[in-house]
Amino acid sequence: MRKLAAIIFLSLVWVGGFCFSNSDISLPASKKITLVFHNSIGKEELVLGNRTQNILGENMTVQKFKYYISNFSIIDLTGKSVVLPVQYFLVDEADTASKIITLTIPDISFTKIEFLLGVDSMRNVSGIQTGALDPGKGMFWTWNSGYIMAKLEGESPLANAAGNRFTYHIGGFRFGVNTVRKISLAVTAIQNNEIHINADLNQWFKSKNELRIAETNTCHTPGPLAIKFADNYANMFSIR
Amino acid sequence: MRFTKAIWILFIILITAAGWVTADNFIFKPKPVKFIVPKGWPQPLYDFSKNPLTEEGIALGKKLFYDGRLSKDGTISCGSCHQQFGAFNTFDHPLSHGFNNSLTVRNAPGLFNLAWQKDFMWDGGINHLDLQPLAPITNESEMAENIETVISKLRTDKEYKIMFKAAFGDEMINYLRMGKALSQFMLQLVSSNSKYDKVMRGEASFILPEQLGYDIFKKKCISCHTEPMFTDYSYRNTGLPVDPFLKDMGRMKITGNPADSLKFKVPSLRNVAVSFPYGHDGRFFSMMSVMEHYRKSMVIGPTTDSLMRNRLPLSNFEIGQLTAFLMTLTDSSFLKDKRFAEPGFENNGKAPADLHQ
């Protein structure tokens, strides 16, 4: 009987040892940070379905606003870039949960956060994906393989198209028509491990290029127009 | 005391047995299938390590391929427009029939030797075999279905649950798995057993017109219709003027580059005799009309292929011999292979009665 008890005790110790060795003692210290995305039109919060005006004074009602965020890295105090494991997120104005992204990062101080707006070309040529990249999310072109990096849709009395709709589906990953943009944001103060990032829709219409709804109501193919939009949305992010 | 001991032993046995009975005894062990590269062929481009072939995966892919529920009205399957007796093209149809009396805008290409193909469709718009089925499923003039709806239809089906579990380890049904299973089936469609192949393997010999045709072929056709696939998978303008109704600009639709205007993928000539009509929009009724086009009716424009700028001079004699050679590319064992046949139609694979030559 004693022998049995000893065996049980020893095996418990042995199993316990496994539990310890599996814990993250050997891993470098890490912490979680939360990125909170806010979408706005200038200083005004974006509300889907509300009548508003863009920076060019054009009346509009935004109905959809979605974009991919991926490939995060942080820049430490010495300027060294720490690349985080590759992850893809679809930020969708219509889905509040999608606007909050939690990342696990090394427990170091950092001055900048960098990421891609869009889906890198590698992922565009790797077959079907799941999760945020699932083709069922409506952000994938089936007739010309590739992701829609960002999507903005709505109505405007100035849009000369069916239903007065403007439809901007911006994509293209190949050389020459690439719409993925690298975003680099200086991070000054972080409270409660939260970083608030603002995306200003106005930049779509007036930034590097001026794109009026009255003149351009539709974009749904890779090419020069998509590039113009991409060069514009490259400037839409700022730290709040 | 002895009695207590016996009870304890019985109790332990009972517990163990109960545990065994209630546990999920499903052991995920699909049977691997080896992909055989025909002798003398290049290595396939498809990355099998990301989608290992298994008997269960192939069986699931075949069921999906022949399932009309992938379309909006439940009647159009992949197999509706990709018929085995036409080397998986739409037999004797310039354009295929889609949802609600619609017609497609291009001729359905035959499906075979897909593991060696890099891009898909006449314009090369699709860059991975796993993604290809999403295009016809969602196209309004083809299966016209929403991909979300397809998945939810499959999820309600008991048989699919069992088959997805057998192929992938659990009952989860998603696009990724659907696409992979369809690829596994389509990758099986290897056509490498025509008379031409037998001659190359030293198992048969050409009769004189076939041999003469092969010699002419090697002089005049082979730079684009490269052996052993009988295509180099490039995009070329071979002087087909744009159809005023279809207004199909081909590869330019994908690249946006005017230099790609009116360029379409070079089709393989394997099984060419059974895959009429020809051309990206099926405008050529017969092989004869294709050759007439090459020697007489080509429209030379700024993007016409440099090899074809003087059209392709062919004498009547040459056309006759070439036709004899092209007939040797028909792989009847592929066209009748029961493994690929629509369930219930395994014995119906027969040479079509009406060949357009």
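A few remarks follow.
- Environment charge at B:M291 (Cβ cut-off 13 Å; Lys +1, Arg +1, Asp -1, Glu -1): +2
- Region B:48-190 - Rg (one decimal) and Dmax (whole number), Cα, Å: 14.4, 42
- Region B:195-330: mean projected area of Cα convex hull, nm²: 8.2
- Positive-end extreme of charge dipole, region B:282-349 - chosen from B:Y294, B:L335, B:N347 (charges on Cβ): B:Y294
- Exposed loop sites here mean GluC sites (Glu not before Pro) with a DSSP loop assignment and at most 16 other beta-carbon atoms within 10 Å; chain B contains its longest site-free run at B:204-345.
- P(r) of region A:106-202 over all Cα-Cα pairs, binned every 5 Å from zero, in whole percent: 2, 10, 16, 16, 15, 16, 14, 7, 3, 1, 0
- Projected area averaged over orientations for chain B, convex hull of C-alpha atoms, nm²: 23.7
- Charged side chains reduced to their Cβ positions (Lys and Arg at +1, Asp and Glu at -1) give chain A a dipole of some 460 debye around its Cα centre.
- Given A:K99/B:K50; A:K80/A:K208; B:K50/B:K247; B:K218/B:K296; B:K34/B:K72, the pairs whose alpha carbons are separated by over 27 Å: A:K99/B:K50; A:K80/A:K208; B:K50/B:K247; B:K34/B:K72
- Relative intensity, log₁₀ I(q)/I(0), of region A:29-239 from a Debye sum that treats every alpha carbon as a point, q = 0.15, 0.19 Å⁻¹: -0.96, -1.45
- For region B:275-314, the fraction of alpha-carbon pairs in successive 10 Å shells from zero, as %: 31, 50, 19
- Over all other residues within a Cβ to Cβ distance under 13 Å of B:T303, the charged ones net out to +2, with Lys and Arg as +1 and Asp and Glu as -1.
- Against chain A, whose longest principal axis comes from its Cα atoms, helix A:2-22 is set at around 30 degrees.
- What the Cβ-Cβ distance of A:I100 and A:S121 gives, at R0 = 30 Å and to the nearest 0.05, is a FRET efficiency of 0.65.
- Most mobile of B:A341, B:A259, B:A59 in a GNM of chain B (Cα contacts under 10 Å): B:A259
- Protection-proxy order for peptides B:232-239, A:215-222, A:99-106, each taking the mean of Cβ atoms within 10 Å per residue, highest first: B:232-239, A:215-222, A:99-106
- Antiparallel DSSP beta bridges within region A:29-239, as percent of all bridges there, nearest 5: 85
- With K and R counted +1 and D and E -1, the other residues having a Cβ less than 12 Å from that of A:N193 yield a net charge of 0.
- Translational diffusion coefficient (Stokes-Einstein; Kirkwood radius from C-alpha pairs) of the protein assembly as shown at 20 °C, 1.002 mPa s, in µm²/s: 76
Where a number appears in this text, it was derived from the coordinates with a stated rule and is not lab data. No experiment lies behind these values; they were computed from the predicted model shown. Note that each Cβ is placed from the backbone with ideal geometry, even for glycine, and that neighbours are counted across all protein chains shown.
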